[in-house]
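Asks: Quick one: structure below, then a few questions.
The values are calculated or read from the model by the stated rules, or taken from the named source; none is laboratory data. Worth saying up front: this structure is predicted, and the values here are computed from it rather than measured. Here the Cβ is made from the backbone with ideal geometry for all residues, glycine too, and neighbour counts use every protein chain on show.
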Amino acid sequence: MIRRAYGKINLSIDVLGRNEDGYHDLDMIELSIDLYDEIEMTLSDEPSYECNINLPYDEKNLIFRTVEKMRERYGFRDNFAIRVNKNIPMNAGLAGGSADAAAVIHLISDLTGLDLTLQQKIEFGTAIGADVPYCLVSKPARVRGIGEVIEPFELEKGYDILLIKPRQGVCTREAYETLDIARAQHPDIEKVQLALMHHQPLGGLLGNSLLESAERLEPVISEIIGQCRSLGYDSVMMSGSGSTCFVLSEKDEDISALYEAMKERYEFVRKTTILS
């Protein structure tokens, strides 16, 4: 069985603070994008793993952790031959690892006959990573809590996205460890959602509480955002904990000039679309 593992952008993130369990409470708008890894899994006598990039199959690999935690939780004895074709860059804020984990949850549920409900998958995925529950849903949504409260909504109109990622990545753990809640941006997520749903201007509304800490870790992020704004694009922001920045544009807007300018400067520049 083959499944696409779609990446996402965080259109805006408000980090509200830490809860008593040590996790951060979040309020954010997440959108799936047409950029995906491909995960192929089959039942096998012996476990095996192949990937098109050098990615060790161990505890740091979310696919490995997902397989083993599902085996522990649900008690199946099956082994799997796993092949991964990665297209989503790593340490990018695009949920590549979480999308892969979500795809594996779907695949194992089908291959082993567990037939888990979506809610069961979300509850399990929360223990794997904060972005995994959303990647199980992969629809435009407002996401709260530590990532487990997902409220899908409809978009009135489609959007294109230009992704711009420099060579440098940002470690999510470091971005949160250096986050200063008092100094951070706190966008009005309600206004962002309503503007997106009703096709109203978004430029001045977008924000990301992790932007300031990510920029301190990798100053090139502020350079990318500044360059895009200087070329007349207002709907620009960093996704997740970075380092990918994005420009949101309407379907009929020509962003080819920006694409050409950015691809000469940065390692990963890709045009894609929002999935609805």
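Asks: Among all residue pairs at least 6 apart or on different chains, which show Cβ distances below 6 Å where the first residue, located in the range 44-57, is in a strand (DSSP E or B) and the second is surrounded by 10 or more Cβ atoms within 10 Å (Cβ to Cβ)?
Replies: Taking only residues 6 or more apart or on different chains, the pairs are S44/N79; S44/F80; S44/A81; S48/A81; Y49/Y57; Y49/I82; E50/R83; C51/V84.
Asks: Could you grab the pairs with beta carbons closer than 6 Å, sequence gap of 6+ or different chains, first residue in the range 190-204 and within 14 Å of M28 (Cα to Cα), second one charged (D, E, K, R)?
Replies: Q193/R142
Asks: Given S209, S249, S239, which one is within 17 Å of S12 (Cβ to Cβ), at pLDDT below 95, surrounded by 14 or more Cβ atoms within 10 Å (Cβ to Cβ) and among the polar types (S, T, N, Q)?
Replies: S249
Asks: Here's another thing I want to ask about it. For the range 123-161, name all the residues that are farther than 22 Å from I82 by Cβ and hydrophobic (A, V, I, L, M, F, W, C).
Replies: Scanning the range 123-161 gives A130, V137, A141, V143, I146, V149, I150, F153, L155, I161.
Asks: Could you check D160 against (1) touching a Ser or Thr at 6+ places or on another chain (Cβ under 8 Å); (2) assigned to a strand (DSSP E or B); (3) modelled with pLDDT of 95 or more; (4) charged (D, E, K, R) and say which number it fails?
Replies: Evaluating D160 over (1) touching a Ser or Thr at 6+ places or on another chain (Cβ under 8 Å); (2) assigned to a strand (DSSP E or B); (3) modelled with pLDDT of 95 or more; (4) charged (D, E, K, R) leaves (3) as the failure.
Asks: Related question: Just the residues that are small (G, A, S) and in contact (Cβ under 8 Å) with a residue 60 or more places away in the chain, please, taken from the range 102-127.
Replies: A102, A103
Asks: Now for a separate question. (1) acidic (D, E); (2) without any contact (Cβ under 8 Å) to a residue 24 or more places away in the chain; (3) in a loop (DSSP other than H, G, I, E, B): which one isn't true of D180, the others all being true?
Replies: The single condition D180 does not satisfy is (2).
Asks: Under 30 Å from L202 (Cβ atoms), touching a residue at least 12 places away in the same chain (Cβ under 8 Å), of a type in the set (S, T, N, Q) and touching a Pro at 6+ places or on another chain (Cβ under 6 Å): which single residue out of S32, S12, S98 fits that description?
Replies: Of the residues listed, the single one that is under 30 Å from L202 (Cβ atoms), touching a residue at least 12 places away in the same chain (Cβ under 8 Å), of a type in the set (S, T, N, Q) and touching a Pro at 6+ places or on another chain (Cβ under 6 Å) is S12.
Asks: Answer yes or no as to whether G113 is in a loop (DSSP other than H, G, I, E, B), touching a strand residue (DSSP E or B) at 6+ places or on another chain (Cβ under 8 Å), at positive phi and in the same structural domain as H24 (by TED's automatic domain parsing).
Replies: no
Asks: Regarding N19, is this residue in contact with a strand residue (DSSP E or B) (Cβ under 6 Å, 6 or more places away or on another chain), exposed (fewer than 15 other Cβ atoms within 10 Å of the Cβ) and modelled with pLDDT under 95?
Replies: Yes, satisfied.
Asks: So, one more: crowded, with 20+ Cβ neighbours inside 10 Å, out of contact with any strand residue (DSSP E or B) (no Cβ under 6 Å at 6 or more places or on another chain) and under 30 Å from E20 (Cβ atoms): does that describe V170?
Replies: It is true that V170 is crowded, with 20+ Cβ neighbours inside 10 Å, out of contact with any strand residue (DSSP E or B) (no Cβ under 6 Å at 6 or more places or on another chain) and under 30 Å from E20 (Cβ atoms).
Asks: In addition: Would you mind stating whether I33 is among the β-branched types (V, I, T) and either in the same structural domain as I189 (by TED's automatic domain parsing) or closer than 14 Å to S138 by Cα (or both)?
Replies: yes
Asks: Moving to a separate point now. Mind listing whichever residues of the range 246-276 are among the hydrophobic types (A, V, I, L, M, F, W, C) and under 24 Å from V137 (Cβ atoms)?
Replies: Result: F246, L248, I274, L275.
Asks: Right, another one. Would you tally the residues in the range 219-276 being touching a residue at least 60 places away in the same chain (Cβ under 8 Å) and not in a strand (DSSP E or B)?
Replies: 18
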